[in-house]
């Protein structure tokens, strides 16, 4: 079986290791599997977590649950209108920011996923003979 000797330094002493050449031959296959099957779902999960993190960081869920509550629990009409006005202004300022942020992240995800599959498309077109003659 074909192999290669590798010199590694462990604890200050050089040590020679023999590695099977087929181990190195599998690295491109592992990379391609990760490239097309592992990274895109991971990237989608990261984008989802960023969108949810933005929602939680800006406290939009809490704002929607407590929207009709009076300001600082003052149970008169002034506290109710003050709370409603402040929350409405906050919502009208922050929600579009979060929405634009989320849309940007999802568009970025779609672009990255498309770019990720360009090598596969080129390989398929070259193999079928429709690209480059």
Among the residues of region 100-109, is there at least one that is within 34 Å of the chain's Cα centre (by Cα), assigned to a helix (DSSP H, G or I) and over 30 Å from residue 34 (Cβ atoms)? yes
Any idea which residue in region 18-44 is modelled with the highest pLDDT, counting only those that are farther than 18 Å from residue 117 by Cβ and part of a helix (DSSP H, G or I)? 30
Determine which member of the set 79, 38, 53, 85 is exposed (fewer than 11 other Cβ atoms within 10 Å of the Cβ) and free of Cβ contacts under 8 Å to residues at least 40 places away in the same chain. 53
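The values are calculated or read from the model by the stated rules, or taken from the named source; none is laboratory data. These numbers were taken from a predicted model, which means no experiment stands behind them. Cβ atoms come from the backbone with ideal geometry, glycine included; neighbour counts cover every protein chain shown.
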